[in-house]
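Undergrad: A single structure is presented below for examination.
The values are calculated or read from the model by the stated rules, or taken from the named source; none is laboratory data. Worth saying up front: this structure is predicted, and the values here are computed from it rather than measured. A quick note on method: Cβ atoms are made from the backbone with ideal geometry, for glycine too, and the neighbour counts reach across all protein chains shown. Side chains included, ligands, DNA and RNA excluded: accessible areas come from the protein's heavy atoms. Shrake-Rupley method; radii C 1.70, N 1.55, O 1.52, S 1.80 Å.
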Amino acid sequence: MPTERVLLQAEGFGVDYDSTPILADIALSVHAGEVVALIGASGSGKSALLRALLGLSPATAQTRGLLRFAQADGGLRERRDITPLRGATIGFVPQDPQTALSAHRTVAQHLDEVLATHAPGSTRPMRAEQAAALLTSVGLTGELLPRYPHALSGGQGQRVLVALALAGNPAILLADEPTSALDPRATHELLALLQAQARVQRRGVLIVSHDLSATAHAADRVAVLAGGRLVEIGATAAVLSQPQHPLTAALMAACPPLTPPRPARLAEAPRPAPCARVARACAFAATCGRAQSVCAETPPAWRTIAGREVACHWPLGAA
Amino acid sequence: MTRHPWLRLVAGRLLAAIPTLWIVVTLSFLLVRLAPGSPFEDEQRLPPAVRANLDRAYGLDQPLPVQYARYLAGLVQGDLGPSLRQRDRRVVDLVREGLPVSLTLGGLALSLSLLLGVSGGLLCAVARGRAVDRWLGRAAVLAVALPPYVTAPLLVLVFAVGTGWLPVAGWEAGRPADLVLPVIALALPTAGGLMRLLRASALDVLDSPAILAARARGLSARRVLLVHVLPPALSPVIAYLGGAAAALLGGSLVVETVFGLPGMGRFLVEGALNRDYTLVLGKVVVYAVLVLLLNLAADLAALGVDPRLRERVYRGVPES
Amino acid sequence: MSVLSLAAVSVQRGSRALLAEVSLEVAAGETVGLVGESGAGKSTLVRVALGLERPHSGTVRWGIDDPWALSTAARRAARARLGAVFQQPAASLNPRRLIGASIGEPLLAHARALSARERQDRVAAALAQVGLPGQFAARWPDALSGGEAQRVALARALILKPALVILDEPTSALDASAAASVLNLMGELTRESGTAFVIVSHDLAAVAYVARRCLVLEAGRLVADGETDALYASATPPALSRLLAARTERFVPLSATR
Ligand code: SF4
C-alpha cells in the first residue's frame, strides 16, 4: 500500500476553535486504493477534523500545520483554501440520509445539481444519463430518481449519498459514520461498496466512526483519535489483534463478545483530558490504569511496535 | 374518491368553510344586535312615526329570528343587505367599491413585506452575529413595535409635507404615487415579523446536516442558500402568512383613514360609529371569506414545499 | 406471572401486514432480547407493547389488564407500569428542563399525592439506581454525554417502578465505551431491580450480553423464541443467520492488490 500514491496528507495539523485547541499534531495520510478508518469517540475531535478537511470549519476556527491534496497531474499540493476541492477532489458521504438530503428535493434534483456544478458545460440530458449511471455504480436503479428522501430506505438513502459524493469523480472519499443509520446487512453492503471504490476505482477512502467494531474490519488501516490527538495507527489486522495503546485495547474490550464466555463487566475506556490541557503530558495521565509518573510529565513519543505506530510510554507489548 | 387529490383537498376545504362561515355570521349578527342602541337613535328629533317607518322599511320591526333568517337568505344569494345609514346604497355595492382599493393596497403591502422580510431574514441568517444582522434585527423590532398610526403620520411628515415628493393623502384612481406611503406604512410591521421569523428558521436550516452536506458537494453559496435553505425555511413563514395576509388585504382602518383611501377599512369605523348593522356584518363576512381563502392558499403553499405533506394528501391520510 | 403478553397480535398498514399473529409472554423480572432486520416489525411491536398503537386483531395484556378494554384515562394510568428508552438519548430529553425535572415528570402524572420533597427523593434514588450522582438533577441535558443521557433516560423509565421497561436500540447511537457503560448498567439492573426488560437491537452481541432469552422477528412474524446462545449457535431461522453473517467482524476485505 505505501507504494501507492498519496492522495491526502495532514502534517502537524491542528485546529483551534475560539483559540482553544481541539485538534493537535495530526499526521495522517490516505493512499490511492486504501480504506482508512479513523476511530474516535464523541468529543475526540473527529468532527472538527472532518470539517477542516472539507474547509467547512466554523468562522471562529484557526488551523495550524499542513493539509496536502492530490493534484490532477498526480502531484501533492498544500491547500489553504479547500473550497474548490469540495466535491471535486474530496467527496463527502454524510451520516444519515434523512437529515443529509434536502427533504423537498428529489434524488434526480440532488444528482443533477451536483453534476452541473462539477461539469458546467453539460446539458440536462447528458446529466440525466450520468445520474442514472451513478445510481447503477452504487448498486441502485434509476427507479429511485423521482423519489423524495423520505421514500428511501436507510440503505438506499446511504447509497444515494455515496452517488452524490462520486458525482465530481473525487480522488478521496470522506465518510462520516456512514453506517450508523443502517442495519447489519445494509452496513455490510455499504462497507463493501466503499471498499470497492478504493480497490477498483483507486480512490482513497477515509471512514470516520465512533465505533471500532462497525467499520474497522472493512479498513486496511486504523487510526485511533482521542482527546484531539492520534494515539495509534497501523494495519487493521495488527491493531485489532494486538492493540498497543491502552485506549485502543479498552475500546475493543468495551464491545461485548457474541458468544460466551462473557466478562461480568465490560471495560469502559479511560477518558482523555481535553486537547487544550495537554501540552506536556499524556492525555490519559489522570485516567489510564497503566499511567506512571512519566506519563504526567512528558508527552509520549511515537514508536513502532509490531507493525503499527503508537503514542504511549507503556504500550501493552506483544502478548 | 376523485382522481385528483388536490381538487379533493380544495373542495373539501371549501365545503368545510361553509359551517365556519355560518358560525361567524351568526355570532357577529347576535353581537351587533345585542349591543345597545339602534341605527336611527342618534338622529335628532326624529318623529316617532318616521322612525317607525324607517324601521319597517329596513325590516327592523320584525322579530330578531325573522331578521336573521332574511339576512341569511340574502347572504346565500350574495346580497349583504341595504346599508342602513347610506340611503339607497346596498352593502354589496359599497364592498365592490372599497374592496379593490383594499386589495390593491394590501396586495402591494404583502408583496413588499415578503420582499423585505424574506431577503432581510436570509441576509441576517447568513451574516449571523455581524453588524448587518444586529442592525437589521433592531430595525425589524422597531418595525414590529411601531404601529401604523405612528409610522403613517411620520412618513407623511417626512416624505409628503417635508420634502413634497409624494402626495399627503388622497386617492385618484390609477395614480401610483398615492399608494407609495400607505403601502410602506402598512407593510412595515408584517415585514419586521417576517424577517425575524425567517431569520430564526433559516438559522435552523443552516445548522442542519443537509446544508453541511450540500456545501461539501461543492455547490455555490448562492445555490445552497436559494435552493436548499430557503424552501424549508419558508415553511413556518407560510403558516404565519395566512393570517397576516388576511389582515393586510381586509383593509387597514388606520392606514386608510390617515391617507383618506376609500377602502374596506373605512367601513368598520363608519359602520360601527353609526350602528350600521349590515355594513359591519358585511365587513365581517368579507374578512372571514378572506381568512378562509388565504389559509387554504397557505396550506397549498405548504404542500408545495413539503413532499411528505404532499404524499399524505395523495394517499388521502387525514391530517393529524 | 407475565407482565406483558401478546396473543395473535396483527397490525396492518394498508394491505401490508406489519405484524402477523404475534404471540409472546414476558415474565416478571425476565430480560428478553428482540432482534430482526430493518422492516421486520420491531418498532411496530414496541409501539403495540407500549400501548401507543392499537392492533387490528389479537389482544395485548399488561399483567391482567387489556389496555384497549380500559377507558382512556385508565389506560393512561396503567401505562405507569411500563417504561421506555429510545435510541436517541438527546432527543428524548427536553433541552429546556433540568434533568431532575425530566426524570420526575412521570411522578407528576402518575403519583400526584407525592410532596415536592418526596419527589426529589425519588429522583435522587432513581439517579443512584442508574449510577449517577444526585447533583445531576440540577444539570441541563446539553451537559450530558451520550452514555449519561441514556442513563438519565433509564432513570426516568424506572422512576415509577414499572413492571417492564422496553429499550429500543438503546446503545446504537453510542460509542463503544458509552455503550459498554449502558450495558454494564443493564446487567446490574436485570440482576437486581426485579423489573422485566425487553431490549430491541440489531447489535446481536449487545442483546446476548444482557438477555438470556431472545425473540427473532421476520417480516412481521415471530420466527424464533428461545435461549439466546443456543439460537445464535444454531444460526436458524434464516433471518437470524443473515444477521449473524452480516456482522462486521465477518467482513472479508477484498484483496488489497486485487
Ligand atoms: S502514556 Fe501513560 S497514561 Fe498515556 S496511555 Fe500510555 S500508559 Fe497510559
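Undergrad: Is there a residue being open to solvent by 20 Å² or more (accessible area, probe 1.4 Å), closer than 18 Å to C:Leu158 by Cα, part of a loop (DSSP other than H, G, I, E, B) and in contact with a Ser or Thr (Cβ under 7 Å, 6 or more places away or on another chain) anywhere in the stretch C:71-91?
TA: Yes - at least one qualifying residue is present in the stretch C:71-91.
Undergrad: Among residues belonging to the stretch B:54-109 that are at pLDDT below 80, of a type in the set (A, V, I, L, M) and in contact with a Phe, Trp or Tyr (Cβ under 8 Å, 6 or more places away or on another chain), point out the one that is nearest to B:Val24 (Cα to Cα).
TA: Out of the qualifying residues, it is B:Leu84.
Undergrad: For A:Arg271, are the conditions met, namely being within 9 Å of chain C (Cβ to nearest Cβ), surrounded by 18 or more Cβ atoms within 10 Å (Cβ to Cβ) and over 20 Å from A:Ala214 (Cα atoms)?
TA: yes
Undergrad: Oh, and also: Can you name the condition, by its number, that B:Gly170 falls short on among (1) of a type outside the set (Lys, Arg); (2) free of Cβ contacts under 8 Å to residues at least 12 places away in the same chain; (3) closer than 29 Å to B:Gly98 by Cβ?
TA: It fails just one condition, (2).
Undergrad: Condition check: away from the ligand (no atom under 14 Å from the Cβ), modelled with pLDDT under 90 and under 20 Å from the mean Cα position of the chain (by Cα). Does A:Thr215 satisfy that? Give the steps one after another, and end with the answer.
TA: Values: away from the ligand (no atom under 14 Å from the Cβ): yes; modelled with pLDDT under 90: yes; under 20 Å from the mean Cα position of the chain (by Cα): yes.
So A:Thr215 passes the test.
Undergrad: Checking the structure you have, find out if any residue of the stretch B:197-216 is open to solvent by less than 10 Å² (accessible area, probe 1.4 Å), touching a strand residue (DSSP E or B) at 6+ places or on another chain (Cβ under 7 Å), in a helix (DSSP H, G or I) and at the interface with chain A (Cβ under 9 Å from one of its Cβ atoms).
TA: yes
Undergrad: Next question, about the same structure. Can you name the number of the only condition in (1) in contact (Cβ under 8 Å) with a residue 60 or more places away in the chain; (2) of a type outside the set (Ser, Thr, Tyr); (3) closer than 30 Å to A:Asp112 by Cα that B:Leu249 fails?
TA: Checking B:Leu249 against (1) in contact (Cβ under 8 Å) with a residue 60 or more places away in the chain; (2) of a type outside the set (Ser, Thr, Tyr); (3) closer than 30 Å to A:Asp112 by Cα, the one that fails is (3).
Undergrad: Given the conditions (1) within 16 Å of the ligand (Cβ to nearest atom); (2) more than 30 Å from A:Gln71 (Cα to Cα), report the number of the one that A:Leu230 does not fulfil.
TA: (2)
So that you can scan it fast, the table gives a plain yes or no per residue for (1) part of a loop (DSSP other than H, G, I, E, B); (2) away from the ligand (no atom under 15 Å from the Cβ):
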{"position": "A:Ala253", "(1), (2)": "no, no"}
{"position": "A:Pro257", "(1), (2)": "yes, yes"}
{"position": "A:Arg271", "(1), (2)": "yes, no"}
{"position": "A:Ala283", "(1), (2)": "yes, no"}
{"position": "A:Thr287", "(1), (2)": "yes, no"}
{"position": "A:Cys295", "(1), (2)": "no, no"}
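Undergrad: Filter the stretch A:68-90 for residues that are part of a loop (DSSP other than H, G, I, E, B) and open to solvent by less than 70 Å² (accessible area, probe 1.4 Å) and give the result.
TA: Residues satisfying the conditions are A:Gln71, A:Gly74, A:Gly75, A:Arg79, A:Ile82, A:Gly87, A:Ala88, A:Thr89.
Undergrad: Among the residues in the stretch C:233-241, are any within 30 Å of C:Glu21 (Cβ to Cβ), within 9 Å of chain A (Cβ to nearest Cβ) and open to solvent by 40 Å² or more (accessible area, probe 1.4 Å)?
TA: If we filter the stretch C:233-241 for residues that are within 30 Å of C:Glu21 (Cβ to Cβ), which is where we start, we get C:233-241.
In the following step, the residues that additionally are within 9 Å of chain A (Cβ to nearest Cβ) were identified as C:233.
Pick out the ones that are also open to solvent by 40 Å² or more (accessible area, probe 1.4 Å) and you get C:233.
So far as the stretch C:233-241 goes, yes, one or more of its residues are within 30 Å of C:Glu21 (Cβ to Cβ), within 9 Å of chain A (Cβ to nearest Cβ) and open to solvent by 40 Å² or more (accessible area, probe 1.4 Å).
Undergrad: Can we say A:Ala276 is open to solvent by 30 Å² or more (accessible area, probe 1.4 Å), away from the ligand (no atom under 16 Å from the Cβ) and within 28 Å of A:Ser19 (Cα to Cα)?
TA: Judged against the criteria, A:Ala276 is a match.
Undergrad: Looking only at residues in the stretch A:302-316 that are more than 10 Å from the ligand (Cβ to nearest atom) and either among the hydrophobic types (A, V, I, L, M, F, W, C) or within 14 Å of another protein chain (Cβ to nearest Cβ) (or both), which one is nearest to A:Arg280 (Cα to Cα)?
TA: If we take residues in the stretch A:302-316 being more than 10 Å from the ligand (Cβ to nearest atom) and either among the hydrophobic types (A, V, I, L, M, F, W, C) or within 14 Å of another protein chain (Cβ to nearest Cβ) (or both), then A:Trp302 is nearest to A:Arg280 (Cα to Cα).
Undergrad: Among A:Gln109, A:Gln95, which is modelled with pLDDT of 95 or more and in contact with a helix residue (DSSP H, G or I) (Cβ under 9 Å, 6 or more places away or on another chain)?
TA: None of the others qualify; the one that does is A:Gln109.
Undergrad: Sticking with this one: Report, by residue number, each residue of the stretch A:144-171 that is within 14 Å of chain C (Cβ to nearest Cβ) and open to solvent by less than 10 Å² (accessible area, probe 1.4 Å).
TA: Within the stretch A:144-171, A:Gly157, A:Gln158 meet the criteria.
Undergrad: Also: Being over 21 Å from C:Val46 (Cα atoms), within 14 Å of another protein chain (Cβ to nearest Cβ), at pLDDT 90 or above and open to solvent by less than 20 Å² (accessible area, probe 1.4 Å): is that true of C:Ser102 here? Step through it out loud before you land on a result.
TA: Details: over 21 Å from C:Val46 (Cα atoms): yes; within 14 Å of another protein chain (Cβ to nearest Cβ): no; at pLDDT 90 or above: yes; open to solvent by less than 20 Å² (accessible area, probe 1.4 Å): yes.
Taking the combined requirement at face value, the residue does not satisfy it.
Undergrad: Name the residues in the stretch A:5-52 that are under 20 Å from A:Leu85 (Cβ atoms) and open to solvent by 60 Å² or more (accessible area, probe 1.4 Å), would you?
TA: Within the stretch A:5-52, A:Arg5, A:Glu11, A:Ser47, A:Arg51 meet the criteria.
Undergrad: Output the number of the condition that C:Arg156 fails; it satisfies all remaining conditions of (1) more than 14 Å from every other protein chain (Cβ to nearest Cβ); (2) open to solvent by less than 20 Å² (accessible area, probe 1.4 Å).
TA: (2)
Undergrad: Hey, another quick one. Within the stretch A:172-193, how many residues turn out to be within 22 Å of A:Ser29 (Cβ to Cβ) and surrounded by fewer than 24 Cβ atoms within 10 Å (Cβ to Cβ)?
TA: At the first step, the residues of the stretch A:172-193 found to be within 22 Å of A:Ser29 (Cβ to Cβ) are A:172-178, A:191.
Now drop any that are not surrounded by fewer than 24 Cβ atoms within 10 Å (Cβ to Cβ), which leaves A:172, A:177.
Adding up the residues that qualify gives 2.
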